[in-house]
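The values are calculated or read from the model by the stated rules, or taken from the named source; none is laboratory data. Please read these numbers as outputs of a predicted model, since none were measured by experiment. Cβ placement follows ideal geometry from the backbone for every residue including glycine, while neighbour counts extend to all protein chains displayed.
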Amino acid sequence: MNNTMANHVHEIRQELWGIFLFVGAIWLVFLLDQFLPLEHLGLVPRTFRGIPGIVASTFLHKNLAHIVANSVPLVILLMLLAGSRSDSATVVSGIILIGGVLLWVFGRDARHIGASGLLFGLITFMLVSGVLERRWQAMIVALVVAVLYGTTLLSGVMPFQPGVSWEGHLFGAVAGVVMAWQLARTSGKI
């Protein structure tokens, strides 16, 4: 194992507070959005006003059902990520930024909100990392993620779903692949 990888070996319990703070921040923004007009910070492709949404959209949700549907898998996937050799903050930030920029450039004209782009990015990151790392632990995590979220991944990127940012899902998934590839490359795995 090279030094870059060794610096990021950690355990779930070391990142548990960070996971709950991150998901808690999403819930805090949701609660504030009930009193303040925060949804206007959503990502609107190819507009100046939509640029803050590249990051902010992950924290914005339409209603209680939307945030609950994203929170449970987000906690699960972040815990799996926390148990990996990857720098969790780098992976999450990279997925949000890459997926957000791709959505801003190529998405349809609509206001895109929600953490599902990050979810889809985490799913593909773990699937691709499991293959690229060539470690049995990473492969088991990839298998678990495939079983839990494989059909969600496939159905979520199908175009023209009413009220769903399928492009956000797609570009989040692309961002996860890019991050897995890049981190494997910098660690000397490929």
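Check the range 60-75 and report whether any residue there is crowded, with 19+ Cβ neighbours inside 10 Å and over 23 Å from Thr151 (Cα atoms). For the range 60-75, residues crowded, with 19+ Cβ neighbours inside 10 Å and over 23 Å from Thr151 (Cα atoms): present. For the range 85-116, filtered to residues that are closer than 14 Å to Gly18 by Cβ and not hydrophobic (A, V, I, L, M, F, W, C), the residue that is surrounded by the most Cβ atoms within 10 Å (Cβ to Cβ) is Ser86. The single residue among Ile123, Ile140 that is surrounded by fewer than 19 Cβ atoms within 10 Å (Cβ to Cβ), free of Cβ contacts under 8 Å to residues at least 60 places away in the same chain and among the β-branched types (Val, Ile, Thr) turns out to be Ile140.
Quick grid of which residues meet (1) within 13 Å of the chain's Cα centre (by Cα); (2) part of a helix (DSSP H, G or I):
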{"site": "Val91", "(1), (2)": "yes, yes"}
{"site": "Ala110", "(1), (2)": "no, no"}
{"site": "Leu118", "(1), (2)": "yes, yes"}
{"site": "Thr124", "(1), (2)": "yes, yes"}
{"site": "Val128", "(1), (2)": "no, yes"}
{"site": "Ala138", "(1), (2)": "no, yes"}
{"site": "Glu167", "(1), (2)": "no, yes"}
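Would you confirm whether any residue within the range 73-91 is basic (Lys, Arg) and at pLDDT below 95? Scanning the range 73-91 turns up at least one residue that is basic (Lys, Arg) and at pLDDT below 95. Mind checking which pairs have a first residue in the range 38-52 that is of a type outside the set (A, V, I, L, M, F, W, C) and a second that is crowded, with 16+ Cβ neighbours inside 10 Å and assigned to a strand (DSSP E or B), Cβ under 9 Å, 6 or more apart or different chains? Pairs that qualify, where the first residue is of a type outside the set (A, V, I, L, M, F, W, C) and the partner is crowded, with 16+ Cβ neighbours inside 10 Å and assigned to a strand (DSSP E or B), are Gly42/His112; Pro45/His112; Gly50/Leu43; Gly50/His112; Pro52/Leu43.
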